[in-house]
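Visitor: What follows is a structure written as structure tokens; I'll ask about it next.
The values are calculated or read from the model by the stated rules, or taken from the named source; none is laboratory data. Please read these numbers as outputs of a predicted model, since none were measured by experiment. Every residue, glycine among them, receives a Cβ derived from its backbone with ideal geometry; neighbour counts consider all protein chains shown. Note: areas computed on protein heavy atoms with side chains; ligands, DNA, RNA excluded. Shrake-Rupley method; radii C 1.70, N 1.55, O 1.52, S 1.80 Å.
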Amino acid sequence: MVKAKTWYRMGYVFEAVLIAGGLWVLLQHPLHLFAGSWFIMLLGAALMALSVVFPVTLPSMLISLELVFTFYFVMTYDTATALWVNFFGELIGTLLLAHKSRKMAILTNPMLKVICLMAGYAVFSWMEPALLAHGMQYGADVVKLFTVGVVFFVFNHLIIHVNLFLRSRHFSLKTGLVAVMWESFIYLAVFPLAMLGDLLERNLGAYTLLLLAVPVAVVTSVLRTFNHLQWSNRVNYACIHLSTAKDLSTIYQKTFQIAQDLTDSPQALLLKMQPDGSYQGLDREGRIVAENIRHALLDQAVRERTVVSVAKARAEFRLFPELEMRSYILVPLVGKSEVFGIICMGKPNSFGYKSDHQKQLGFLANQVSIIMDRNHIYEELERAAITNQLTGLYNYQYFYDQLDLQFQQAKCKREDLCLIIFDIDYFKKYNDIYGHIVGDEVLRQVAMIAKSVCVQHGVMLARYGGEEFVAIGRITVAHAQELAEEVRRKIQDHQFVYQEHTVKNITISVGIAHLHEHDALSPNDLLEKADQSLYWGAKDMGRNRVAVYSSEFDQRLFVDALTGLHTIHYLRRKLRSLCENQTHFPMHFLLVDILGMRTINDQYGFEVGNRVLIDVSYLLKNTMRGDDLICRYMDDEFLVVVKGIPESDIGIISKRIHDAFAKTALSSVGQVSVDLTVVSMASSEEEPYLLERIDSARRSYTQEAAAAYFRDLK
């Protein structure tokens, strides 16, 4: 395999041979000046140079209408004049563009043109005797034009693409065909104009060149405009297609393809910014090919939000030395507030990118950035719709959707499916002691720990409500126990610190249920079995432990052993059936919280505290209607479900509950006060978010209200 540097040296050798060959041709055809010829040569060279300075940019080459003047001289003047005028015209034009091209190209381009013309002359000289023998004087000029033109066309493209391949080790058949197509189209304008110039020259002389300059300028302008519009239309059509894509990888891949087609770049990478400010390099297929990329040019492209081109990179400043790219172009994809990435393209040859490339890529980057910015907003909205704001985990509704999907798939394929519920032990006590702000931080840190473990095991984690989290994954019971134990140990050993508060002894209880091993009949049944294992296998057995479902838990799940009320698990199961009856709406959920319960437990003991809970449950039963559903929600909280009552009547019901507690002295401690919060549901569409709303309502309990209560007691 030939090394890159060897290829590059071969390119230099090839160009040196071209230069030597061109000089030899010129020396073989010395220029003979005559009266007025200096003006013709000067004017012709100047017009050719101007045509060279304003070309049409194609992916791998530039084309212009200088050939009108080239073939005008071929038809009208002798071989030496045509060769030298074209040499000087190309040389002057290349010198004017010297800052945008390689130094060696200053001689290579003129000599290439001389050699291609000489090849055309050589072919025509072989045909000329036969033409003259048939008396085709003007016809011979036309044949000369087409012969030299066709040979020039073939030799020019052949030599250019061989040279490009040697210098860049890259050849695109598609790009080459596009270049041939464009130049063939230009020849349709060049030949007629050259023939017109030959006819006019007999009457106008040298001024014919000035007359030809007008259509050359017009056609060049039309071609440049057409090329720009063609490219803009392609970008617009691509952006219309991309506007329907929601996957960023699809957008990146399409943008890669367009950018590479435009520039004919053999190397291209997508650089994605990492949290530490470095960049990660991905190829068009999304594979990681480079890590920890840092460069001032990348920072400049993002900071200035502009396409950055490096015409000739020195070895010590190259982005990817192993790729030996000598010219770069960086296309930043930057939204209003997000850096999506940078498309980096490179060529092994210097001056591989032109100013038109920068303008067109800038247009592409702006369009794609707008699309990606919009998609980013949509992604954020979609993420917000399925995630819990406090913990960043998936929310209750998304969990239920995934539970239904995973349950059906695992059941059909007879695959493992485990559901794991995590619950923070005595969480309300921590809220009472430290406040809800610290409680929220505990929730966040627990979620972070649990998520880090679940991600390693390929398990999805969601916030289930309150202090509960739920995970679901295609794993065995043994695997689920291993995962749960790891989470439990990490949380038990974790030091929860927030500002000046240190919360100690945070533990969790965990319940596990398996689809097949525990004969779950439905997604809700699997969830209920995991709930049963959590409460009767873990919490009821002392907390801070992991329990797997057992059939003995079935009868204990839906009735609270202390108060005889329904449990929150019963409400979860019952809620969907309640929502199926439209007469139940609006449905109201009254959250009743006993104030000062912690003080009662501290002063009188837990037996008295339990007696208070029993008395409160009786009081609620006697106060509410017979068809109202009453549940024990948390340790000292109750939830009353009132169905089909206008919202205007809720104030009357709330007053009835407050009055009942104000008039009733409990046998154990006398009168107690309650805090009452109402959450209403107008339709079944709100059901997936109900428990989260109730949990949020619990946060409305203020420490000031509790402090006021204790002051009243004193």
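Visitor: Show me the strands (runs of 3 or more DSSP E) found entirely inside segment 297-364 where at least 3 residues are buried (at least 21 other Cβ atoms within 10 Å of the Cβ) and modelled with pLDDT of 80 or more. Explain how you work it out, then say what you get.
Guide: Values: elements: 308-310, 327-334, 339-347.
Per the criteria, 327-334, 339-347.
Visitor: Is at least one residue of segment 374-393 of a type in the set (S, T, N, Q), farther than 30 Å from S309 by Cβ, at pLDDT 80 or above and in a helix (DSSP H, G or I)?
Guide: no
Visitor: Within segment 216-227, count every residue that is open to solvent by 30 Å² or more (accessible area, probe 1.4 Å) and in contact (Cβ under 8 Å) with a residue 60 or more places away in the chain. Spell out the reasoning first.
Guide: Within segment 216-227, the subset open to solvent by 30 Å² or more (accessible area, probe 1.4 Å) is 217-219, 221-222, 224-226.
If we keep only those that are in contact (Cβ under 8 Å) with a residue 60 or more places away in the chain too, we end up with 219, 224.
Number satisfying all stated conditions: 2.
Here is a yes/no grid of residues against (1) farther than 29 Å from E517 by Cβ; (2) free of Cβ contacts under 8 Å to residues at least 60 places away in the same chain:
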position	(1), (2)
D373	yes, yes
N388	yes, no
L405	no, yes
Q409	no, yes
R414	no, no
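Visitor: Additional query: What are the pairs with Cβ atoms under 6 angstrom where one residue, in segment 4-31, is assigned to a helix (DSSP H, G or I) and at pLDDT 75 or above and the other, located anywhere, is open to solvent by 60 Å² or more (accessible area, probe 1.4 Å) and not polar (S, T, N, Q)? Sequence gap at least six, or different chains.
Guide: Sorted first by the residue in segment 4-31, then by its partner, the pairs are I19/L107.
Visitor: Testing A706 on (1) modelled with pLDDT of 90 or more; (2) buried (at least 16 other Cβ atoms within 10 Å of the Cβ), one condition comes back false. Which one is that?
Guide: It fails just one condition, (1).
Visitor: Further question on the same structure: With the condition kept exactly as written, say whether any residue in segment 43-66 is part of a helix (DSSP H, G or I), among the charged types (D, E, K, R) and either out of contact with any Gly (no Cβ under 6 Å at 6 or more places or on another chain) or modelled with pLDDT under 80 (or both).
Guide: Of all residues in segment 43-66, those part of a helix (DSSP H, G or I) come to 43-53.
From what is left, the residues that are among the charged types (D, E, K, R) are none.
The answer is no; no qualifying residue exists.
Visitor: Here is a follow-up. What is the one condition in (1) assigned to a loop (DSSP other than H, G, I, E, B); (2) open to solvent by 60 Å² or more (accessible area, probe 1.4 Å); (3) modelled with pLDDT of 90 or more that N505 does not satisfy?
Guide: The failed condition is (3).
Visitor: Let me ask something else about it. For K655, indicate whether it is over 20 Å from D432 (Cβ atoms) and open to solvent by less than 60 Å² (accessible area, probe 1.4 Å). Talk me through it step by step, then tell me what you get.
Guide: Details: over 20 Å from D432 (Cβ atoms): yes; open to solvent by less than 60 Å² (accessible area, probe 1.4 Å): no.
Answer is no for this residue.
Visitor: Just name the residue that is least open to solvent (accessible area, probe 1.4 Å) out of those in segment 547-559 that are over 25 Å from S684 (Cβ atoms) and modelled with pLDDT under 85.
Guide: So the first thing to find is which residues in segment 547-559 are over 25 Å from S684 (Cβ atoms), and the list is 547-556, 559.
Restricting the remaining residues to those that are modelled with pLDDT under 85 gives 551-556, 559.
Values: S551: 86, E552: 128, F553: 15, D554: 57, Q555: 163, R556: 93, V559: 76 Å².
By that ranking, first place goes to F553.
Visitor: Can you tell me which residue within segment 275-287, out of those that are part of a loop (DSSP other than H, G, I, E, B) and over 13 Å from V302 (Cβ atoms), is least open to solvent (accessible area, probe 1.4 Å)?
Guide: The first filter runs over segment 275-287 and keeps only residues part of a loop (DSSP other than H, G, I, E, B), leaving 275-278, 283-287.
Next cut, over 13 Å from V302 (Cβ atoms) only: 275-276, 283-287.
Values: P275: 138, D276: 93, D283: 29, R284: 87, E285: 120, G286: 46, R287: 139 Å².
Result: D283.
Visitor: Filter segment 477-493 down to the residues that are over 14 Å from A530 (Cα atoms) and of a type in the set (V, I, T) and list them by number. Spell out the reasoning first.
Guide: From segment 477-493, those over 14 Å from A530 (Cα atoms) are 478-479, 482-483, 485-493; that's our starting set.
Result: V487, I491.
Visitor: Related question: Among the residues of segment 586-608, how many are of a type in the set (F, W, Y) and either surrounded by fewer than 18 Cβ atoms within 10 Å (Cβ to Cβ) or closer than 17 Å to A665 by Cα (or both)?
Guide: First pass over segment 586-608, keeping only residues of a type in the set (F, W, Y): 589, 604, 606.
Keeping just the survivors that are either surrounded by fewer than 18 Cβ atoms within 10 Å (Cβ to Cβ) or closer than 17 Å to A665 by Cα (or both) gives 604, 606.
Qualifying residue count, segment 586-608: 2.
Visitor: Can you tell me which residues in segment 132-163 are at pLDDT below 80 and either open to solvent by 40 Å² or more (accessible area, probe 1.4 Å) or touching an Asp or Glu at 6+ places or on another chain (Cβ under 9 Å) (or both)?
Guide: Correct list: L132, A133, H134, G135, M136, Q137, Y138, A140, D141, H157, V162, N163.
Visitor: What number of residues within segment 609-648 are over 30 Å from T583 (Cβ atoms) and either touching a Lys or Arg at 6+ places or on another chain (Cβ under 7 Å) or exposed (fewer than 15 other Cβ atoms within 10 Å of the Cβ) (or both)? Even if it seems obvious, please write down each step before you answer.
Guide: Step one: of segment 609-648, the residues over 30 Å from T583 (Cβ atoms) are 609-615, 635-636.
Add one more test, that the residue is either touching a Lys or Arg at 6+ places or on another chain (Cβ under 7 Å) or exposed (fewer than 15 other Cβ atoms within 10 Å of the Cβ) (or both), and what stays is 610, 635.
Matching residues across segment 609-648 total 2.
Visitor: Does A682 qualify as being open to solvent by 50 Å² or more (accessible area, probe 1.4 Å) and within 23 Å of T583 (Cβ to Cβ)? Show your work before the answer.
Guide: Numbers: open to solvent by 50 Å² or more (accessible area, probe 1.4 Å): yes; within 23 Å of T583 (Cβ to Cβ): yes.
Yes.
Visitor: Looking at segment 76-98, I want the residues that are touching a residue at least 24 places away in the same chain (Cβ under 8 Å) and have a partner that is of a type in the set (S, T, N, Q) with Cβ atoms under 6 Å, at least 6 apart or on another chain. Which pairs are those?
Guide: These pairs meet every condition: N86/T70; E90/N109; T94/N109.
Visitor: Could you count how many residues in segment 433-467 are in a helix (DSSP H, G or I) and open to solvent by 10 Å² or more (accessible area, probe 1.4 Å)?
Guide: Just the residues of segment 433-467 that are in a helix (DSSP H, G or I), to begin with: 433-434, 436-456.
Add one more test, that the residue is open to solvent by 10 Å² or more (accessible area, probe 1.4 Å), and what stays is 433-434, 436-437, 440-441, 444-445, 448-449, 451-452, 455-456.
Here the count works out to 14.
Visitor: If A665 satisfies all but one of (1) free of Cβ contacts under 8 Å to residues at least 24 places away in the same chain; (2) open to solvent by less than 60 Å² (accessible area, probe 1.4 Å); (3) hydrophobic (A, V, I, L, M, F, W, C), what's the number of the condition it fails?
Guide: (2) is the only condition that A665 fails.
Visitor: Just to be sure I understand, how many residues within segment 470-493 are in contact with an Asp or Glu (Cβ under 8 Å, 6 or more places away or on another chain) and crowded, with 19+ Cβ neighbours inside 10 Å?
Guide: Residues flagged as in contact with an Asp or Glu (Cβ under 8 Å, 6 or more places away or on another chain) and crowded, with 19+ Cβ neighbours inside 10 Å within segment 470-493 amount to 1.
Visitor: Sticking with this one: Across segment 568-616, what is the total count of residues that are farther than 18 Å from A682 by Cβ, of a type in the set (A, V, I, L, M), under 52 Å from the mean Cα position of the chain (by Cα) and in a helix (DSSP H, G or I)?
Guide: Residues in segment 568-616 being farther than 18 Å from A682 by Cβ, of a type in the set (A, V, I, L, M), under 52 Å from the mean Cα position of the chain (by Cα) and in a helix (DSSP H, G or I): 3 in total.
Visitor: Another question, then. Looking at this structure, is F422 assigned to a strand (DSSP E or B) and among the hydrophobic types (A, V, I, L, M, F, W, C)?
Guide: Values: assigned to a strand (DSSP E or B): yes; among the hydrophobic types (A, V, I, L, M, F, W, C): yes.
Yes: the conditions hold for F422.
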